[in-house]
1. I'm trying to understand the selection: among the residues of segment 16-63, which are part of a helix (DSSP H, G or I) and β-branched (Val, Ile, Thr)?
2. Could you please give the count of residues in segment 439-496 that are acidic (Asp, Glu) and under 17 Å from LEU590 (Cβ atoms)?
3. Please work out if ALA301 is under 23 Å from CYS40 (Cα atoms), in a helix (DSSP H, G or I) and small (Gly, Ala, Ser).
4. When you check SER340 against the structure, is it surrounded by fewer than 17 Cβ atoms within 10 Å (Cβ to Cβ), modelled with pLDDT of 90 or more and more than 25 Å from LEU444 (Cβ to Cβ), yes or no?
5. Would you pick out the residues in segment 461-475 that are over 16 Å from HIS501 (Cβ atoms) and open to solvent by 40 Å² or more (accessible area, probe 1.4 Å)?
6. For the list (1) in contact with a Lys or Arg (Cβ under 8 Å, 6 or more places away or on another chain); (2) among the hydrophobic types (A, V, I, L, M, F, W, C); (3) part of a loop (DSSP other than H, G, I, E, B), I need the number of the one condition that MET78 fails.
7. Looking at segment 206-218, which of the residues that are within 17 Å of PRO48 (Cβ to Cβ) and open to solvent by less than 30 Å² (accessible area, probe 1.4 Å) is farthest from the chain's Cα centre (by Cα)?
8. From the list SER201, SER160, SER189, SER227, which one is at pLDDT 95 or above and assigned to a helix (DSSP H, G or I)?
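The values are calculated or read from the model by the stated rules, or taken from the named source; none is laboratory data. Note that the structure is a prediction, hence the values are computed from the model and not measured. FYI the Cβ positions are ideal-geometry reconstructions off the backbone, even for glycines, and counts take in every protein chain you see. These area figures cover heavy atoms from the full protein model, side chains too; ligands, DNA and RNA do not enter into them. Shrake-Rupley method; radii C 1.70, N 1.55, O 1.52, S 1.80 Å.
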Amino acid sequence: MSVDPKASPTGKHLAILAFGAIGVVYGDIGTSPLYALKECFIGTHGVPVTKPNVLGVLSLIFWSLNFIVTFKYLSVVMRADNQGEGGILALLALVRPHGQDRLSGKYRWLVAIGLFGAALLYGDGIITPAISVLGAVEGLAVATPALQQWIVPIAVVLISALFAVQRRGTAGIGAIFGPVTTIWFICISVLGVMGIMRHPSVLAALNPWYAASFLWQHGWKGLMVLSAVVLVVTGAEALYADMGHFGKRPIRVAWYLIVLPALALNYFGQGAILLESPAAARNPFYALVPGWALYPMVGIATAAAIVASQALISGAFSLTRQAIQLGYSPRMNIVHTSSSKIGQIYIPQVNNALWLACIGLVLAFRSTNNLAATYGVAVTGTMATTTVLLLVVARNHWKWSLWKVALLGGLFLIVDLTFLVTNLFKIAYGGWFPITVAGVIYLLMSTWKKGRTRLSEIVRENTLPLELFLPDIAKRRPQRVPGMAVFLTSAPGGAPPVLLHHLKHNKVLHEKVMLLSVMGHEIPQVPEGDRVRCRDLGEGFYEVMAHYGFMETPDVPSVLQSLALQARDGGKKIPVEIMATSFYLGRETLIPVSGRRKTKTPRAAPAVDGGPAMPAMARWRKKLFILMTRNAQSATAFFGLPPNRVVELGAQIQF
């Protein structure tokens, strides 16, 4: 459940939230020591294990952690909250002009960038379980080389089990996230101290001169090492996305007191081991572990990797719900796995897709060395996207001056784009995977948004304004039957086509008719007091508007049961009896047509953008939208309507 964005917890409450943040927010970045430093020396663009190189890489790692996580995300990016919520789609909602379906060229580009960044997060959600679990299990080969052939099968089993338990929710296992990750950070801190004590000279890497000297001496090859260094900040975006669950202060406290010290100690400890034995570069993390503790440490690392993976999987569910509510994704089956925590959801379609893709990755790449090339592109692409959107928010919402935006934005973009460009050279080695995933998801999301905008305009054309419809009803006096009928409509202010078809063919109306519109808003949550608005239209008609934020799932029966209609009938409020109410829905059959379609302005209705041509869509894209529409969850299930009270009326629409 989200915390109050204005609250500033202290004392015991702060400690509890910070403890929870350690388990959920920092699981991903906390498992980076399993593979990050190793990739700098034996990866695609690794450098020889010499003392100057070890100190230079450690200095790059330490200052990357502090610049990207401490300065950029914790100090600046987390200020850009959407009523306490963070993440790319929440940031995109701040950037996008409210209430506008058609955007100017500038905003279309920003929305496209934001959507592609959000799509990259799905690639992150696929790669994280694969690389984290493989990184943990690879310790078995250090303990017993004969187990090398069993690493991939064990990883596949563990990952499959992780995705299989998602349907049960995280309420039970979520309680152990904090303890497991805390034990992990304690262990890696102790291991780091043990390594540093053997070679205290490694602490010289705290001096940023070693980082600068490394880059200067190695030139382009030194820059390419940054494609591996960026793996140390893989979970930076997660702390921003989970801001609404824990609040800014607990996340910051957990970072400064626990996470940053533990990571720094472990990386420096690994560096000390490399100074002693360059051959340890094959797996410097497990080289820190005493022989007697190898198997217990593999177990702890595996548990920590599962926690890190769980956070990304849950994040993918949350991101999908946001996309649905913001109009970028078709309706899907959203299962609430907790009656008390609104954020705990499970989406079967997303879970299955992530599982299949993750298993495919493990079987195709088979080691963290190979997977590291896929990870960097997703991470750096998302970071650069966040920076671009942040600068727009700083200019438009915070009213920063141009020089301030240019100065800070230039600094962030130089770092982000340097990391991104170096990772683009790994496309041939696996970097193509997150780009492909993001490209496919971006295509689907943009197609759905464009198709829904086009379809909404067609529906608006065929919606008769209420100022024409109601007088006609009063004049014609159609037969009225007892009961209440609810007509769901996406175009408030008019009689929807499904109502007109019902009246045309059945020639009767219920005594009470409700025109219900479920409206999504670009804010996380709508206050309960603003959830429902009702207007008595006369002639037994009521217009009801139900409002939801992008972190909420619409539930029509719950709204209608909990709130009486704000209308009067004989001096009494009219309650809605769900099982005595008929719900009317339209089921459209879309027929793709060639060319651009002109919008029509309904009689006596306000002009729709002056009646210009609808946004053009290629025929193949129209067919893709139609396919997505056919496979979307039914409105009956999505809105929680009782199936035996729903009547669907079909219509063909030239699209």
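1. ILE16, ILE22, VAL24, ILE29, ILE42, VAL54, VAL57, ILE61
2. The qualifying residues number 2.
3. Spelling it out, ALA301 is indeed under 23 Å from CYS40 (Cα atoms), in a helix (DSSP H, G or I) and small (Gly, Ala, Ser).
4. No; evaluated as a whole, the condition is false for this residue.
5. Within segment 461-475, GLU467, LEU468, PRO471, LYS475 qualify.
6. Unmet for MET78, out of (1) in contact with a Lys or Arg (Cβ under 8 Å, 6 or more places away or on another chain); (2) among the hydrophobic types (A, V, I, L, M, F, W, C); (3) part of a loop (DSSP other than H, G, I, E, B): (3).
7. Only one residue fits best here, namely SER213.
8. Exactly one residue qualifies, and that residue is SER189.
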